[in-house]
């Protein structure tokens, strides 16, 4: 798994962006392209026509287009009832990648690292962040996404903030405290007041 994929998974866990399931019903009249109601589709789980799974219908075939977020179904008859069951995330990969880039910028601003993090067009981070730094990137991204949370926890890192801190104060305090105490195998940061690093 790539570093970016690993960080994305951590972010999804921190902001509770777990796969959700949805069923979209349609009545076929003339257009056999059906736009899904939720974005960020992970997979089409099942398509039924008049209650019958398409796997059991030899004349019916479907395809999913991720660009349009629509399913095209061949072999339909007028007034067929179509149900498309699919899974999706709240946040797209592109959105999470943007949060990761912002997190790396925050690390470059607030840390004492002399070698700033860069992300290239192939989604490779240089220098490669350690597992702890990946956790910090994920927590910073999670603060950007869910700034009202006061606790963020991963296997190598737990952070607790007072409610009164702004998003930027949380991020600055987190990064300052992280680089102050980076030697342990597990980092537990409890920030009582801004600027306590």
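Rule-based calculations on the coordinates, nothing more; no lab input. Since the model is a prediction, treat every value here as computed from it, not as a measurement. Note that each Cβ is placed from the backbone with ideal geometry, even for glycine, and that neighbours are counted across all protein chains shown.
Of the residues 43, 173, 135, the one that moves most in a GNM of the chain with alpha-carbon contacts below 10 Å is 43. Where a ≥ b ≥ c are the square roots of the eigenvalues of the C-alpha gyration tensor, would you call the chain rounded, which needs a/c under 1.5, or, failing that, prolate if a/b is larger than b/c, or oblate? Cα axes put the chain in the prolate bin. Evaluated over the Cα positions of segment 59-125, the convex hull gives a direction-averaged projected area, one quarter of its surface, of 7.1 nm².
Under 10 °C and 1.306 mPa s, how fast does segment 20-88 diffuse according to Stokes-Einstein, given a Kirkwood radius computed over C-alpha pairs? Answer in µm²/s, whole number. The diffusion coefficient I find is 133 µm²/s.
Beta bridges per DSSP, both residues in the chain: antiparallel share near 90 percent. If the chain linking residue 21 and residue 128 were pulled fully straight, counting 0.36 nm for each residue of separation and taking away their Cα-Cα distance, it would gain 35.1 nm.
How big is Rg to Rh over segment 1-118, alpha-carbon atoms, Rh as the Kirkwood inverse-mean-distance radius?
A ratio of 1.18.
The distance between label points at residue 39 and residue 167 comes to 1.7 nm (points 7 Å beyond Cα on the Cα→Cβ vector).
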